[in-house]
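Working notes, structure below.
The values are calculated or read from the model by the stated rules, or taken from the named source; none is laboratory data. Here the structure is a predicted model, which means the values were calculated and not measured. Cβ atoms come from the backbone with ideal geometry, glycine included; neighbour counts cover every protein chain shown.
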Amino acid sequence: MRLLAGRLTYANVMATIAVFIALGTGAYAAVNLPKNSVTSKQIKNGQVKPPDLASNVRSRPFSYTAPMNTVAQTTVLNQAGYKILASCPEVAGEPNLQAAIVVPKSGSIDSLQAQTLDGTEPTPGLGRFPVTGGEPRSITGPPGQFVPVSGEVAVVSGVLTYTAPGRTALISITIRANDLDERCEISGGLIPTG
């Protein structure tokens, strides 16, 4: 007992009490918080990591590079009912990127942000356009529209949101038609959010 009494200081007692309070509070929160009651307000920025997310909200990255005259359509992404399709035919000696998206259900896609390399608004431009489930919908406009000026690179980057009954997704995409290297490129990510 004398050995214990020599180590029983105010600091040791307070530290032990603090540990029990911390453990008890954490256990209370784990047992008594209602399901889905933690919101983004309660989460510190940068603390939710990919393993903490459900598999249906993880980003599905995609990329495509093809030389000019690649007329066959390639499936760039095929995940959870979403597809990105691309080809790189030649139009008047320039690479002409053709890209389309296929969504699982009929709904709409909103272009939240899109910008060309020189800062101008791209065609087809910003706004909302309808999509039919299971059918390809062009995201680069009609053939011959997304073509760089001779000896240059045409680039468009944008963020699209897809909305349909019971389904939503966020799509980040960058598309390039590169006359310098005579090739087409697509890169980005798709995050199903609902």
### Message
Scan region 34-43 and tell me whether some residue there is at negative phi, modelled with pLDDT under 70 and either surrounded by 10 or more Cβ atoms within 10 Å (Cβ to Cβ) or in a strand (DSSP E or B) (or both).
### Response
no
### Message
Out of the residues in region 79-109 meeting the condition of being outside any strand (DSSP E or B) and under 23 Å from residue 178 (Cα atoms), tell me which one is modelled with the highest pLDDT.
### Response
89
### Residue identified as under 20 Å from the mean Cα position of the chain (by Cα) and at pLDDT below 75 among 170, 112
112
### Task
Go through 76, 159, 147 for me and flag whichever is assigned to a strand (DSSP E or B), of a type outside the set (D, E, K, R) and modelled with pLDDT under 85.
159
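Report yes if residue 98 is buried (at least 21 other Cβ atoms within 10 Å of the Cβ) and of a type outside the set (Gly, Ala, Ser), otherwise no.
Working: buried (at least 21 other Cβ atoms within 10 Å of the Cβ): yes; of a type outside the set (Gly, Ala, Ser): yes.
So residue 98 fits the description; yes.
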### Query
Taking region 126-144, which residues are more than 16 Å from residue 185 (Cα to Cα), assigned to a strand (DSSP E or B) and modelled with pLDDT of 75 or more?
128, 129, 130, 131, 137
